[in-house]
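A short reminder: the numbers here are calculations on the coordinates, not readings from a lab. Treat the numbers as computed from the prediction; the structure is a model and nothing was measured. So basically every Cβ, Gly included, is an ideal-geometry build from the backbone, and we count neighbours across all protein chains shown.
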Amino acid sequence: MTAPTTHLPALTTSFEVDAFDIPTGREEAWRFTPMRRIRGLEKAATGGGAVTYTSAANAQAVVVVDRESPALALASPPTDRVSAIAWSAFETAAIVTVPANAILDEPIQLTVEAQGAAQSFGPVVVNLGAFSQSVVVIDHTGTGAYAGDVTIRVADGANATVAVLQRMDDDGVFVGHVRAHLGRDAQLRCVAITLGGDLVRLSTTVNYEAPGGDADLLGAFFATAGQHQEHRLLVDHSVPNCRSNVTYKGALAGAKAHTVWVGDVLIRAAAVGTETYETNRNLILTDGARADSIPNLEIETGEVVGAGHAAATGRFDDEQLFYLQSRGIPGDEARRLVVRGFFADIVRRIGVAEVEQALMSAIDQELTALQPKASA
């Protein structure tokens, strides 16, 4: 099946690998990705690795199933070759279910760990029942080259926060896609936190299936020397009276640290009454780092409540650092305060204590590692 768009190329959706050409890196969707570093995930499934699923709080909401499970009918079809390969090769998947009208007091915590130096695959399906309220945290960890998609289905009237963390080992590769589907008056806060791995490429797509949907997409990332972190978003407003807000912030430090943020928002002709805004901010802490930021907004109707976008990349503010030091704050602590302040808006809005703590702890660790360089 092919869904035409205008500025975007035709979007193919299929579970069949052969429906997609092998990307070369020259395609618009892949031109920022260093293809030699994704270890053949775009070519074929060689396997050899394994995936384990571990759930903590609210473990009863998570089940691990094989390929034959009827619950996998809820999975979104792939829209690129890596996703199709991952679907063709996985052995087990995790299904997260929140019943209709359920109100969960504790987050559902799921750790997806890639094991071994080879390729591994494993999808996750999150099914949130009508008028339910829940928080789901999916933590991607491990080593090797992992590919796996997350499908989020938010039924009518449900209110959910889903946080997806990428904390692979230093040699880990992660290529995945989060696909969210919102029902009537559904509310979703989707949080993406990327902190580890040699290469991480995370795509996020939001589709509205009925009026009244509200999507709040938050992201934070910290890339250090040699890391490539890529976030691609598509918010597809195709029905009336829906809302979206995108806010991503990233920091970079170290030689050849590279981040890519591409934010596409499409307001189709039928999506009257849409309200949307997207923002990306990047903070470069050292020489040798590079941030690419590309917001795209396409509007096919004049009947919108509001629509806009903004993006900026800047260096560490030495004036702020000087101000804090002039008031007796040591240089290392002053630097930490400035970076923490940069991420404060994202942290405040996450609303999940475990995720907030993981983000700030990782930022502190990276800044501590920079201290010898800062004082040299």
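Based on the mean of other beta carbon atoms within 10 Å per residue, what is the order of 225-237, 34-46, most packed first?
Highest to lowest by the protection proxy: 225-237, 34-46.
Can you give me the P(r) profile for segment 271-374? Cα pairs, bins 5 angstrom wide beginning at 0, each as a whole percent.
Percent of Cα pairs in each bin: 2, 10, 15, 16, 17, 14, 10, 6, 5, 3, 1.
³J(HN,Hα) across segment 288-301 via Karplus (A = 6.51, B = -1.76, C = 1.60, θ = phi - 60°), whole Hz, x for Gly/Pro?
Coupling constants for segment 288-301: x, 9, 9, 10, 9, 9, 10, x, 10, 10, 10, 10, 10, 9 Hz.
Within a 10 angstrom radius of the beta carbon, how do W30, W261 rank from fewest other beta carbons to most?
The most exposed by this proxy come first: W30, W261.
Report, in deg cm²/dmol and to the nearest 500, the calculated mean residue ellipticity at 222 nm for the chain, where each DSSP H run with n ≥ 4 adds -39500 (n - 2.57) and the sum is divided by the residue count.
Rounded to the nearest 500, the figure is -5500 deg cm²/dmol.
Whose amide H sits under 5 Å from the amide H of V272, counting only residues 5 or more places off or on another chain, with H placed in the peptide plane?
N241
Sort L11, L370, L359 so the one with the fewest other Cβ atoms within 10 Å of its own Cβ comes first.
So the residues, fewest neighbours to most, are L11, L370, L359.
Using a Debye calculation, one point per C-alpha and no hydration shell, please list log10 I(q)/I(0) for segment 25-122 at q = 0.11, 0.17 Å⁻¹ in order.
Here the Debye-derived log intensity ratios amount to -0.44, -0.90.
P(r) for the chain, please, calculated from all Cα pair distances in 10 Å bins and given in %.
Taking every Cα pair in the chain, the percentages come to 5, 24, 34, 26, 9, 2, 0.
Taking the mean number of other Cβ atoms within 10 Å as a proxy for protection, how do you rank 193-206, 105-118 from highest to lowest?
Averaged packing, sorted descending, gives the order 193-206, 105-118.
Using a 10 Å cut-off on Cβ atoms, rank the peptides 309-316, 87-94, 327-334 from the highest mean neighbour count down.
Output ranking for 309-316, 87-94, 327-334: 87-94, 309-316, 327-334.
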